[in-house]
Amino acid sequence: MKRTFRPLASTLVMRSTWPVFIDAGVAALGLAIFFTIVHMSTYWMQAPVPMVPISHSMRALPTYAAYSVVRIGIAYILSLIFAVSYGYLAAYNPRVEAWMIAALDILQSIPVLSFLPPVVLAMVALIPGHQLGIELGVILLIFTGQVWNLAFSFYTSLKTIPREMQEAARVFRYSAWQRFWQLEMPFATIGLVWNSIVSVAGGWFALIACEMFTMGDRNFQLPGLGSYLQTAASSGDLRALLAGLGTVILIVVATDQLVWRPLIAWSDKFKFEQVESDDRIVSPILELIRRSPLLQSLPHRIWSRVEEPLYRRFAASHRKAPLQAIDEDGGDARASLRLWALAVAVFAAVSWGAWQGLMLLRGISWSEMGMLLEGAAATFLRVNASLLISALWTIPVGVAIGFNPRLARLVQPLAQIMASIPATAFFPILLIGLVKLGGGLGIGSVALMLLGTQWYILFNVIAGAMSIPSDLREAASLYRFTRWQRWTTLILPGIFPYLITGMVTASGGAWNASVFAEYSHLGNQTLSTIGLGAQIDMATDQGRFPMLLLATILISLMVVSMNRLVWRRLYHLAESRFKLEG
Amino acid sequence: MGNPLNDTMAGTSSVIAVGTEPIIRAERIEKYYAQPSQNRIQVISATDLLIVPGEILALLGPSGSGKSTMLRMLSGLSKPSAGQVYWHGRPIAESAINVSIVFQSFALFPWLTVLENVEAPLKARGMAADERRERSLRMLDTVGLDGFEAAYPKELSGGMRQRVGFARALVVEPEVLFMDEPFSALDVLTAENLRSELLELWSKKTMPTKAVFLVTHNIEEAVLLADRIIVLGRNPGHIRTDFRVQLSHPRDRKSEPFTQLVDYIYKVLTRPEVAPLAAPDQTTGRTPRDQRQMHYQMLPHARPGGVAGLLELLIDKGGKDDIYRLADDLAFEIDDLLPIVDAAQLLGFLTVYEGDVAITATGTEFANSEILRQKELFRQAALKNILLLRQIRRALETKNDHTVPEEFFLDMLDEQFSSDESLRQVETAVSWGRYAELFDFDAARRRFILPEETEIVAPVEGAE
């Protein structure tokens, strides 16, 4: 359990480095994509979208919840398929590997929500006069928020399959199909399950934000939990608001109990270990399924119906084929020629798009530039303030809990569930509170970031405190360390790797929240504060695409450089110096 | 010790019985890895090798001699950098070959049951479900795993798991069975048990396998099982000797011919290396740089404490002993003992002659001194004998800030070793340098540093 957010954090600060030109190339690709999206969305003016009135009656709640769940589900399945294909391609094609991994690194650190306005506009332009456009836009965004860490997890799993296992698959002539189901997929399962939990939590966060999305006087709301909460808040219906919130929490807890826990318990059999470990996660649901003979044998029977003919087919086709050496490059010259042609075409398209994107930037005046920089600074400060506040309260509390094993066993799963509850769902309540108390959105957005981020840190600090061996703690009390000494020589170094893991994850979440939290509508009021997020929303509102572009570039630049310059180093320091072995 | 080459062996070269068509024939196969610089790392130099029907062939060698690489080239898993491997006379990359491998780590799929693991290769061959189940069960029965079909590998002991490995390898009825140190992850008794069962399967022809190719670093194991033994040398890997074992089965470990043979192989393995200079490479026209100017010794990966321990043991034994016996007394595998012997030899603390080790005068002084004096002696010996340590120390002394990045030495080592090996070399150098208080290493910044007062033999600060 204690390694929950490790996989995500390690994807955020990747070990591998690559030449600068790959970064530049990926950045150009981003620019080109952005230009394409913006270009499409300029047609939006001619494409009015029928508004769907959002009800805030309790009776609508189950339907809305179902809509939201279906959206998450579709986006998740798409992400999984894409992630597996992407990981496969990257792991087995040395020619494109470095590019694909660099792209992953950058894409997963860009706050998805900054793309919300242009993507929705572009999709509306693609499918005019229909809600389907918004629907697709939202699913696309959730997909983008979920897919990268899944892809990286699958890729890493493929790369870490022990050599002798790969060789066994070769020497025993596994077909690609058999290799996938008996070696690659089982090996990747545990990583995929843990990353799915994080991904889906991120998906809920984005989904609720997307469903609430309104821009100026134009309404892009989709029927769903997000819009329900928003409408309830706008009309001041506190009962409906609480009911909506309760539904969100219920769904998250139910997913945890009915889906994730059984999955984690089930995936235990894919652990690549020599001996069985005692600390296993149990799930009553899984036990129930395992005890049902029908549920046990039926899928197996259906599966083997499909599988057996396939194996015979594959075997017939490669029985006489020679064994392919493991270090042999499979590509022939003609394939590589085609690949080159493709590469040239892609290069041309990307450079053209990037150039066009850059040309857009000419329309920005110096004063606007200054405004953007100011906004960037404000958002930067807010994100780090929220991290600091989270760390300040979670470290003492987390350590206290972690040193008390019984309490820890109680609190840890709770913190994990809290981390999965989308902070965006609390936003309407927060807004009402702010309006009533007269606080500005500046503080409100920090509060929102806190809602999302602190749990990751708390969760990891607890795990860190639990991992400090008791003999070290005994030594500290035996030698009568002062309180200061205890903290500086034992506790802080002990929890450091975990703290960094939590902070890396939290920082990503905070940036994402910033885009959403700085600009909002409540009833007829528009609330906003200085910040990049607000500028992104406003620029979209007014159709100022150059501003939108620059703001997105700035935010991406800040996140990527923070990751590279600060988090990656701290993470490596944590891994190399402060790791307690065992 | 008498002459081991009496009636137990038929000489070293004329090995192949005339008229037997080899199953696998390797012609001038080489393995090297290209380096970014002009040099390349030669793992195995041009080698000829035959696998003929009816024999168990054992490949012996110290670690780093490319035993496993050789196995992978011969089994078609890895493509030789030069030369060609033939399967029944046709290039192996174009033939539908029938081989199996038993792996050191077992390489079983932990998420499949024992039965599913054994069935998997048959499934790959498209065999119908009933038939493959029946065949797998029969094979499990043969290797003594009756009743364990539904267990998962992690529920089994190491020996049981390797039985599954054998069952999986044999169920496809391979023509050649490759084994990559199949017993080295097992405890002594289990290994012995499995070895004799393997021999029984082989001699009774229970398995249709025509030849067995065994990679091992255990000399006794090779002598116990093999009909033919090839000993590899390292840097780069090459065949040192190739001879037949004509002892009849079952072989008695205590018999005179057996021990003589074991002793002979120990001598071959411990004979001082006479590494020939690399010849210009005719295929690419590149001339490797003159290796003499930059020839680092390969530092054996031993700890200074291990060297001290070995020397003290030697003193107790009167200053001289047989390596074979030493290993036996310590219950060490030869692979674990050799690096320590190499290290002591490199430092001039002992000499090796024909399988016997003898302690030198400095070695005796070292072993009898207390710790601070030991460090001093170690320091003197290291500076005198070991180029890399000398270079690091000199570089640190000449630089104003007395620090040098690790990469500097890695770059130089990379000219000569693979990058993994270079890292290990630096790691060993750090461990020796720290012990000798020649220099210290800042692991966070990856830099060598000069300790402030090297004359004072105080514990070096920040060593951990």
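Total residues in segment B:331-388 satisfying the condition of being in a loop (DSSP other than H, G, I, E, B) and within 17 Å of B:Arg303 (Cβ to Cβ): the figure is 5. A:Thr247 satisfies every condition listed in (1) buried (at least 20 other Cβ atoms within 10 Å of the Cβ); (2) closer than 21 Å to A:Ile197 by Cβ; (3) modelled with pLDDT under 85 except (3). Within segment B:72-86, being closer than 19 Å to B:Ala169 by Cα and either within 10 Å of another protein chain (Cβ to nearest Cβ) or acidic (Asp, Glu) (or both) holds for B:Arg72, B:Met73, B:Ser75, B:Gly76, B:Leu77, B:Ser78.
For (1) touching a residue at least 40 places away in the same chain (Cβ under 8 Å); (2) on the phi < 0 side of the Ramachandran plot, each residue gets a yes or a no:
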{"site": "B:Ser95", "(1), (2)": "no, yes"}
{"site": "B:Phe103", "(1), (2)": "yes, yes"}
{"site": "B:Phe109", "(1), (2)": "yes, yes"}
{"site": "B:Thr113", "(1), (2)": "no, yes"}
{"site": "B:Met127", "(1), (2)": "no, yes"}
{"site": "B:Ser136", "(1), (2)": "no, yes"}
{"site": "B:Leu140", "(1), (2)": "no, yes"}
{"site": "B:Gly144", "(1), (2)": "yes, no"}
{"site": "B:Phe148", "(1), (2)": "no, yes"}
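Scan segment B:255-282 for residues that are in a loop (DSSP other than H, G, I, E, B), of a type outside the set (A, V, I, L, M) and modelled with pLDDT under 80 and the total you get is 7. When the criteria are applied in full, B:Ser369 meets the requirement of being small (Gly, Ala, Ser) and without any contact (Cβ under 8 Å) to a residue 12 or more places away in the chain.
Of the helices (runs of 4 or more DSSP H) entirely within segment A:467-582, those holding at least 2 residues that are of a type in the set (A, V, I, L, M) and either within 14 Å of chain B (Cβ to nearest Cβ) or crowded, with 23+ Cβ neighbours inside 10 Å (or both) occupy A:492-517, A:532-541, A:545-562, A:568-577. Would a scan of segment A:53-71 turn up a residue that is at pLDDT 70 or above, surrounded by fewer than 21 Cβ atoms within 10 Å (Cβ to Cβ), in the same structural domain as A:Leu132 (by TED's automatic domain parsing) and within 20 Å of A:Val198 (Cβ to Cβ)? Within segment A:53-71, one or more residues are at pLDDT 70 or above, surrounded by fewer than 21 Cβ atoms within 10 Å (Cβ to Cβ), in the same structural domain as A:Leu132 (by TED's automatic domain parsing) and within 20 Å of A:Val198 (Cβ to Cβ).
Of all residues in segment A:221-250, none that is assigned by TED's automatic domain parsing to the domain that holds A:Leu431 and closer than 19 Å to A:Ile72 by Cα has its Cβ atom under 6 Å from the Cβ atom of a residue that is surrounded by fewer than 17 Cβ atoms within 10 Å (Cβ to Cβ) and among the polar types (S, T, N, Q), 6 or more apart or on another chain.
Within segment A:511-534, can one find any residue that is among the acidic types (Asp, Glu) and under 29 Å from A:Thr231 (Cα atoms)? For segment A:511-534, residues among the acidic types (Asp, Glu) and under 29 Å from A:Thr231 (Cα atoms): present.
Residue by residue, here is whether (1) part of a helix (DSSP H, G or I); (2) modelled with pLDDT under 80 holds:
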| site | (1), (2) |
| --- | --- |
| A:Phe314 | yes, yes |
| A:Ala321 | no, yes |
| A:Ala335 | yes, yes |
| A:Arg338 | yes, yes |
| A:Ala348 | yes, no |
| A:Leu361 | yes, yes |
| A:Met369 | yes, no |
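Every residue, every condition in (1) part of a strand (DSSP E or B); (2) more than 22 Å from the chain's Cα centre (by Cα); (3) facing chain A (nearest Cβ under 9 Å), yes or no:
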site	(1), (2), (3)
B:Ala107	no, no, yes
B:Glu119	no, yes, no
B:Gly126	no, yes, yes
B:Leu137	no, yes, no
B:Gly147	no, yes, no
B:Ala167	no, yes, no
B:Leu170	no, yes, no
B:Phe183	no, no, no
B:Glu200	no, yes, no
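Comparison of A:Phe205, A:Phe220 shows that the only residue that is within 22 Å of A:Ser114 (Cβ to Cβ) and in contact with a strand residue (DSSP E or B) (Cβ under 8 Å, 6 or more places away or on another chain) is A:Phe220. Using the structure shown, decide if B:Ile29 is assigned to a strand (DSSP E or B) and either over 28 Å from B:Val245 (Cβ atoms) or acidic (Asp, Glu) (or both). When the stated conditions are applied, B:Ile29 does not pass them. Taking the stated definitions as given, is A:Leu158 under 30 Å from B:Ala167 (Cβ atoms) and more than 14 Å from chain B (Cβ to nearest Cβ)? Yes: the conditions hold for A:Leu158.
A residue that is within 25 Å of B:Gly306 (Cα to Cα), part of a helix (DSSP H, G or I) and touching a residue at least 40 places away in the same chain (Cβ under 8 Å) occurs somewhere in segment B:433-441. Looking across segment B:151-165 at every residue that is within 22 Å of the chain's Cα centre (by Cα) and either surrounded by 24 or more Cβ atoms within 10 Å (Cβ to Cβ) or away from chain A (no Cβ under 12 Å) (or both), the one that is farthest from A:Ala315 (Cα to Cα) is identified as B:Gly159. The criterion of at least 2 residues that are within 20 Å of the chain's Cα centre (by Cα) is met by the following helices (runs of 4 or more DSSP H) wholly inside segment A:124-217: A:132-159, A:185-211. Mind listing just one residue for me: the one in segment B:93-102 that is farther than 8 Å from A:Ala168 by Cα and at the interface with chain A (Cβ under 7 Å from one of its Cβ atoms) and, of those, surrounded by the fewest Cβ atoms within 10 Å (Cβ to Cβ)? The extreme case among them is B:Glu94. Number of residues in segment B:407-423 that are surrounded by fewer than 17 Cβ atoms within 10 Å (Cβ to Cβ), over 17 Å from the mean Cα position of the chain (by Cα) and farther than 18 Å from B:Arg445 by Cα: the value is 2. Say whether the condition of being closer than 19 Å to B:Ala429 by Cβ, of a type outside the set (A, V, I, L, M), surrounded by fewer than 19 Cβ atoms within 10 Å (Cβ to Cβ) and at pLDDT 80 or above is met by at least one residue in segment B:306-321. For segment B:306-321, residues closer than 19 Å to B:Ala429 by Cβ, of a type outside the set (A, V, I, L, M), surrounded by fewer than 19 Cβ atoms within 10 Å (Cβ to Cβ) and at pLDDT 80 or above: present.
Scoring B:Thr113 on the criteria (1) surrounded by 20 or more Cβ atoms within 10 Å (Cβ to Cβ); (2) more than 7 Å from every other protein chain (Cβ to nearest Cβ); (3) among the hydroxyl-bearing types (Ser, Thr, Tyr) leaves a single failure, condition (1).
The values are calculated or read from the model by the stated rules, or taken from the named source; none is laboratory data. These numbers come from a predicted model, not from an experiment. Backbone-built Cβ (ideal geometry, glycine too); neighbour counts: all protein chains shown.
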